[in-house]
Amino acid sequence: MCLVSDVLSVELTFELPDNAKQCFHEDIRQGVKSTVEFQVVTGGHYDVDMILQGPRGDVLYQGVKKQFDTFTWTPSATGTYTVCFSNEFSTFSHKLVYFDFQVGEEPALPGTQEHMTAMTKMEQSSANIHESLNTMIDAQTHYRLNEAKGRKRAEDLNNRVLWWSLIETSVVLLIGVSQVMVLKNFFTDKKISVSNT
C-alpha cells in the first residue's frame, strides 16, 4: 500500500543583497490550499517587497515594504507559482529573510482517516495533542525569529554605543591635553632678549 501525501512545506532563511531580487518557484495543483508567510529578520528598516504570481503571470499578492505578512489562497489553475522578494529599493543594506511556503493541508494522523464511526476519546485526545504540538512548533519558530531580530538590534546598538563612547573619550582627552598646554603657556617665563645696538 502506497500512501501519497499532497502536503509540502518549505521553510527557508536566505540573505537578500541590496538592489537584488530573489524568486522561488513551486508547482501547485488546482484547488490545493497554499500559504506563504515571510518575515524580515535583519537588515535596514526590516522591510522587503514581496510579490506572488500565478502560472500566467497574474499577480495574486503584492506587499510593498512589509516587515512580515501571511497570504493564503486556493489556486484556480494548476501550474508553477512564483514568489519573489525584492530589496531593489535599498541601496546599501542587505536583509535576512525567513519564509515558509506551505502547499496543502497536513494529513490526518495514521489510522484516523479510515474511521466510519466517531473517534474515541483517546483518538480525539491524540488528534488535539497533535494539533497543539504543531501550533507550538509554529510559535517557537516565531519566537526564534523575534529573538534573532532582537539580538541583532541589541548588537547593533551595542556597537553604536561603543564607537560613540570611544569618540567622546578621545575628544575629552584631546580637550584636556590642549587645556593643560594652554595653561602651561600662561605660567612659563618668557625671556626677552635685548640686543645692544
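No value in this document is a laboratory result; all are computed from the given coordinates. Treat the numbers as computed from the prediction; the structure is a model and nothing was measured. Positions of Cβ are backbone-derived with ideal geometry, glycine not excepted, and every protein chain shown enters the neighbour counts.
Could you compute Rg(Cα) / (2.2 N^0.38 Å) for segment 8-105, with N its residue count?
With N residues counted in segment 8-105, Rg over 2.2 N^0.38 Å equals 1.05.
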Ellipsoid equivalent to segment 132-186 - semi-axes via the Cα gyration tensor, in Å
53, 5, 4
Charges on Cβ only, +1 for Lys and Arg, -1 for Asp and Glu, centred on the Cα centroid of the chain; of F89, L173, H142, which one is farthest towards the dipole's positive end?
L173
Cβ-based exposure ranking for D69, D47, in which fewest neighbours within 10 Å come first
D69, D47
Would you work out the charge dipole size for the chain about its Cα centre, treating the Cβ of every Lys and Arg as +1 and the Cβ of every Asp and Glu as -1, and quote it to the nearest 20 debye?
1320
So what are the ³J(HN,Hα) numbers for segment 122-136, from phi and the Karplus equation (6.51, -1.76, 1.60; θ = phi - 60°), rounded to whole Hz, Gly and Pro as x?
5, 5, 5, 5, 4, 5, 5, 5, 4, 5, 5, 5, 5, 5, 5
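Find how much the distance from E123 to T72 grows on full extension, using 0.36 nm per residue of separation minus their present alpha carbon separation; answer in nm with one decimal.
Details: separation 51, 0.36 × 51 = 18.36 nm, distance 2.92 nm.
Stretched fully, the E123-T72 segment lengthens by 15.4 nm.
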Could you tell me the convex hull volume per residue, in Å³, taken over the Cα atoms of the chain?
208
